[in-house]
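The values are calculated or read from the model by the stated rules, or taken from the named source; none is laboratory data. Values in this document were obtained by computation on a predicted structure and should not be read as measured data. All Cβ positions, glycine included, derive from the backbone under ideal geometry; neighbour counts span all protein chains shown.
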Amino acid sequence: MNMIRLIAWREYMENVKTKGFWAGILIFPIIFTVMYFLQTMLSNSTPTRYYIFIDQSGEYGEAVETAIEREHQRRILGEFVSYLMDNRKESNLELSAAAGTNAADQLIDNADADQVAALDEWLESGGLNFALTMASPALKEDRAAFEQPSRQFIAADLPEGIDSSASPEAIAQALRPYLSGERKIVVDSRPGDLFALILIPANVDDDISRPGAMPQSPSGPTGIQYWARNLTDSRLPDAIISSINAEIRNREYIDLGVDNQIVRSVQRTRMPISQLDPTAAIGEEAVSVADTFRQLAPIGFVYLMFISLMQSVQYLLSNTIEEKSNRIIEVLLASVTAGELMMGKLLGIGLSGLTTIAVWLLSFFLFITLYQSSQTELISQILDVILSSELIPWFIFYYFAGYALYSGIFLAIGSLCNTLKEAQAMMMPMIMIQVIPLAMMVFVVRDPHNTIVRAMSWFPLFTPYLMMNRAAADPPLVDLVGTTIVLLLSIVFVLWLSGKVFRMGVLRTGQPPRLTELLRMLRHRN
Amino acid sequence: MVDSAVQSPSDSPSHSQEETTSHSVLSLKNVSKTYGEFTAVNDISLSIPKGSIYGFLGPNGAGKTTTIRMILDIIEPSSGSVSILGHSSALDVRNQIGYLPEEKGLYKKMKVWALIQYFAMLKGMKKHEAKTQAWHLLEKYGLKDFAEAKVETLSKGMSQKVQVLSAVAHEPELVILDEPFSGLDPVNQTVLEDLITDMARNGQTVIFSTHVMQHAERLCGHILLIAKGRKIFDGTVNEAKATIPRRVMLESEDDVSSLNSIEGVIEIGRDEELDVSDSAKQQWQLQISEQLNPQDILRSCFEKNISLSRFEFTEPSLHDVFVHLVGDDAKEHAFR
């Protein structure tokens with residue numbers, strides 16, 4: 001036991017002392033932090049986009065202008081909501097999910113059916129200034145003032161020498177060099193990039209399609225023409241098209257003699273839904289946001305398990321190969337038994353794996369304590385929910401079980417190879433096997449008692465991942481006890497077998513053996 | 001340092017000890033190792049007395065390393081038995097054994113002193129003791145300045161010295177060194193020879209393998225000579241030398257063939273290779289028997305009026321013994 005501890009300690013200390021270890025550990029929180037801030041920065045740094053708008057029909061100018069104003073207000077609204085979240089006095093995640101989802105549903109409904117109306121309502125009720133006044137009692141006193149986002153879409157004048165009454169083809173042709181970035185337009189006597197051209201032909205109303213009409217095979221562009229090189233930023237065309245459609249529908253209502261105020265209220269009539277959990281105590285059945293997170297949390301655990309296991313076995317493998325190719329193994333085996341060496345390595349590397357997880361969690365906590373905002377507050381509340389749930393003991397059990405099982409296998413692989421390259425070829429199938437439960441994790445959370453999932457849980461290499469994945473859904477006792485027994489037996493068997501392979505493998509030189517050779521060697525050793 | 005170099009095998013501590021105690025620290029009985037069709041070690045028996053310096057000699061691929069691995073129970077013999085420090089497996093007494101494998105390697109990222117300490121601790125030394133011992137050894141063998149360095153920064157020779165120290169730091173009763181001299185420069189070879197004789201003086205038994213005969217000749221009381229897995233010779237160095245005739249070199253302008261009338265002169269031959277071309281002097285080589293005193297030859301030369309410009313009696317070296325006994329095998333191996 002002393003020797004095992006000594007070997008484990010050395011493995012651990014040597015591992016922890018390397019730069020690579022810390023690079024591997026810190027890369028995760030660093031990337032997380034960078035991503036977090038980068039996302040915020042990028043969304044604030046989109047440049048001003050200049051567009052040219054030509055309305056030959058003379059009917060939609062106002063609609064397009066409102067569309068662009070609405071797009072701007074939408075941004076203000078978005079920023080304002082997160083400003084509210086950041087600066088409100090109290091926060092409580094345990095909102096009833098019904099209220100939460102209803103509010104969310106309402107937004108989605110509104111946006112789908114009548115986004116325009118929702119924004120109009122916000123504008124009509126006084127917009128930002130009104131909202132600020134309304135919200136201020138609920139906000140912290142020491143908050144920073146709200147900064148309005150700058151306008152993203154600004155109309156530019158047609159460059160000189162282009163006639164706005166020319167045919168759409170001619171205008172588009174003349175503006176091509178500007179749209180493709182070859183030439184600059186002049187805005188406020190400064191050069192700028194032309195982002196888009198919105199061109200409404202004179203006879204655009206002919207292209208309005210109505211239900212039941214025969215689809216026409218278009219010979220060239222129909223309807224409004226939106227010219228832009230950037231195909232991914234669809235905010236501008238989306239805003240314009242929904243605004244114009246709202247305008248057209250409005251006219252149709254008027255033509256048909258329908259009061260469009262009635263239509264609006266009808267569209268926004270809705271029925272709420274309450275999500276209730278039958279396993280919860282009476283009176284507490286209402287599903288909270290936290291409950292939902294608890295159900296989804298296993299995905300995170302499975303992922304954490306996979307990353308940490310992969311990292312650990314990687315160390316184990318390269319470490320064994322180092323000792324083997326250096327022939328240190330021979331000295332070691334003259335000092336300790338192969339079993340002691342193996343157990344020492346498993347423990348030492350396992351400890352490094354735990355260190356990794358600990359550092360990750362720690363840096364995560366540091367991040368959310370040091371940098372407080374609405375999002376991180378949400379994360380910390382989710383963490384509270386998860387850490388206080390029954391998932392933690394599950395995770396600890398399956399982490400150790402998975403580690404014992406996989407590290408045993410990888411150690412045996414390492415003992416048979418002389419170079420990392422050889423080992424990588426043999427590792428591939430083992431990694432592929434782990435990818436299967438990983439790929440299933442979202443599905444498993446949604447349908448944890450699926451027959452196929454239940455059957456697959458019995459395969460020991462999948463058990464740690466799949467059972468962890470199902471943990472939040474109270475798997476049947478048969479599954480729980482049965483898979484655990486099978487898993488523990490397999491661990492004993494794998495460690496015993498890899499011990500034998502390890503003893504033989506470590507002193508071997510030359511190519512790794514073929515499977516048949518290996519089996520023969522194992523038989524002979526008996 | 002000088003002591004050990006001029007020390008003749010006959011007064012080495014091992015020799016004297018061997019006569020007083022017949023206590024054997026290691027014995028092999030009919031040990032063989034086969035890998036499928038190939039026989040790496042074939043029926044080797046030997047017994048190694050306590051406190052001796054024992055050389056395993058043989059050409060490359062003779063089976064030295066395989067024998068050592070079987071002694072250490074790293075691999076099991078196919079047949080035969082090993083008794084080591086009174087046990088049937090080296091694993092039972094592994095804390096009393098120090099081992100330097102043939103292929104040298106260390107943990108590259110560790111500090112030198114920590115590495116020696118670690119290996120000593122694996123052999124059961126207490127942490128503090130092991131650390132003190134590591135620093136003591138590093139100082140004694142001229143590596144103190146590198147104690148804090150990482151192993152990867154050392155030269156090949158230095159890291160080999162470190163490895164030897166890490167193998168013997170726990171002061172084992174039995175030290176087994178596989179090719180300890182390979183890769184060391186002459187100065188460090190002498191340092192290592194000192195280390196080995198120090199250990200023998202200390203009552204430790206040292207077994208080392210080599211194919212460089214000079215080391216064996218200077219250090220060993222006993223040798224085992226193996227080739228192609230078979231034992232060719234096992235005994236004291238003197239016994240080994242007795243297996244080939246003794247020789248006397250003569251240089252003379254006269255004909256020396258009449259010396260063959262002396263009882264004990266087995267053969268007289270011209271050594272044309274050594275002829276000095278621009279003189280009439282010729283080189284002769286006389287093979288003489290064990291019993292013949294070379295002085296008798298000198299006396300005969302005076303009697304027969306043979307004028308000598310050179311008279312040289314040399315004991316055969318282990319090198320001669322080696323070439324004599326395994327020369328053909330070694331050559332065969334060289335071309336394989």
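Is there a residue in the range A:55-70 that is in a helix (DSSP H, G or I), in contact with a strand residue (DSSP E or B) (Cβ under 8 Å, 6 or more places away or on another chain), surrounded by 13 or more Cβ atoms within 10 Å (Cβ to Cβ) and hydrophobic (A, V, I, L, M, F, W, C)? Yes; the residues of the range A:55-70 include at least one that is in a helix (DSSP H, G or I), in contact with a strand residue (DSSP E or B) (Cβ under 8 Å, 6 or more places away or on another chain), surrounded by 13 or more Cβ atoms within 10 Å (Cβ to Cβ) and hydrophobic (A, V, I, L, M, F, W, C). As a summary of the residue check, B:N188 satisfies the conditions (1) in a helix (DSSP H, G or I); (2) out of contact with any Gly (no Cβ under 7 Å at 6 or more places or on another chain); (3) surrounded by fewer than 22 Cβ atoms within 10 Å (Cβ to Cβ) except for the one numbered (2).
A quick yes/no check of all residues on (1) under 30 Å from A:I386 (Cβ atoms); (2) loosely packed, with under 13 Cβ neighbours inside 10 Å; (3) at pLDDT below 70:
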position: A:E90; (1), (2), (3): yes, yes, yes
position: A:D105; (1), (2), (3): yes, no, yes
position: A:D114; (1), (2), (3): no, no, yes
position: A:A118; (1), (2), (3): no, no, yes
position: A:L128; (1), (2), (3): no, no, yes
position: A:P137; (1), (2), (3): no, yes, yes
position: A:A145; (1), (2), (3): no, yes, no
position: A:I154; (1), (2), (3): no, no, no
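Counting only residues that are touching a residue at least 12 places away in the same chain (Cβ under 8 Å) and within 12 Å of chain A (Cβ to nearest Cβ), which one in the range B:75-92 is farthest from A:T337 (Cα to Cα)?
Going through the range B:75-92, the residues touching a residue at least 12 places away in the same chain (Cβ under 8 Å) turn out to be B:75, B:77-85, B:89-91.
From what's left, within 12 Å of chain A (Cβ to nearest Cβ): B:75, B:78, B:84, B:89-91.
Values: B:I75: 12, B:S78: 20, B:I84: 17, B:S89: 12, B:A90: 11, B:L91: 8 Å.
Restricting to residues being touching a residue at least 12 places away in the same chain (Cβ under 8 Å) and within 12 Å of chain A (Cβ to nearest Cβ), the top hit is B:S78.
Within the option set B:G63, B:G55, being within 30 Å of B:Q214 (Cβ to Cβ), surrounded by 23 or more Cβ atoms within 10 Å (Cβ to Cβ) and at pLDDT below 90 holds for one residue only, B:G63. Select from the range A:302-316 the residues that are surrounded by fewer than 23 Cβ atoms within 10 Å (Cβ to Cβ) and aromatic (F, W, Y) and write down the one among them that is nearest to the other protein chains (Cβ to nearest Cβ). Residue satisfying both the conditions and the ranking: A:F306.
How many residues does the range A:444-460 contain that are touching a helix residue (DSSP H, G or I) at 6+ places or on another chain (Cβ under 8 Å) and part of a helix (DSSP H, G or I)? Spell out the reasoning first.
Step one: filter the range A:444-460 for residues touching a helix residue (DSSP H, G or I) at 6+ places or on another chain (Cβ under 8 Å), giving A:444-445, A:447-450, A:453-454, A:456-458, A:460.
After this cut, where a residue has to be part of a helix (DSSP H, G or I) as well, the list is A:444-445, A:453-454, A:456-457.
Result for the range A:444-460: 6.
Out of curiosity, is A:T66 in contact (Cβ under 8 Å) with a residue 60 or more places away in the chain, under 35 Å from the mean Cα position of the chain (by Cα) and away from chain B (no Cβ under 14 Å)? So A:T66 passes the test.
Among the listed residues B:L154, B:L143, B:L174, B:L137, identify the single one that is under 21 Å from B:Q117 (Cα atoms) and in contact with a Phe, Trp or Tyr (Cβ under 8 Å, 6 or more places away or on another chain).
Details: B:L143 fails: in contact with a Phe, Trp or Tyr (Cβ under 8 Å, 6 or more places away or on another chain); B:L174 fails: in contact with a Phe, Trp or Tyr (Cβ under 8 Å, 6 or more places away or on another chain); B:L137 fails: in contact with a Phe, Trp or Tyr (Cβ under 8 Å, 6 or more places away or on another chain).
That would be B:L154, the only listed residue that is under 21 Å from B:Q117 (Cα atoms) and in contact with a Phe, Trp or Tyr (Cβ under 8 Å, 6 or more places away or on another chain).
For the range B:105-160, residues that are part of a helix (DSSP H, G or I), in contact (Cβ under 8 Å) with a residue 12 or more places away in the chain, farther than 25 Å from B:D178 by Cβ and in contact with a Leu (Cβ under 9 Å, 6 or more places away or on another chain) total 0.
Can you tell me which residue among A:S308, A:S325 is hydroxyl-bearing (S, T, Y) and modelled with pLDDT under 85? Even if it seems obvious, please write down each step before you answer.
Details: A:S308 fails: modelled with pLDDT under 85.
Every option except A:S325 fails the conditions.
Scanning the range B:106-129 for residues that are at the interface with chain A (Cβ under 7 Å from one of its Cβ atoms) and at positive phi returns no hits.
The set of residues in the range A:1-53 being outside any helix (DSSP H, G or I) and in contact with a Gly (Cβ under 6 Å, 6 or more places away or on another chain) consists of A:Y50 alone. Of the residues A:F367, A:F400, the single one that is of a type outside the set (D, E, K, R) and under 18 Å from A:F32 (Cβ atoms) is A:F367.
Close contacts from the range A:317-329, counting a first residue that is at the interface with chain B (Cβ under 8 Å from one of its Cβ atoms) and a second that is surrounded by 21 or more Cβ atoms within 10 Å (Cβ to Cβ) and modelled with pLDDT of 85 or more, with Cβ to Cβ under 6 Å and a gap of 6+ residues or different chains, come to A:R327/B:P101.
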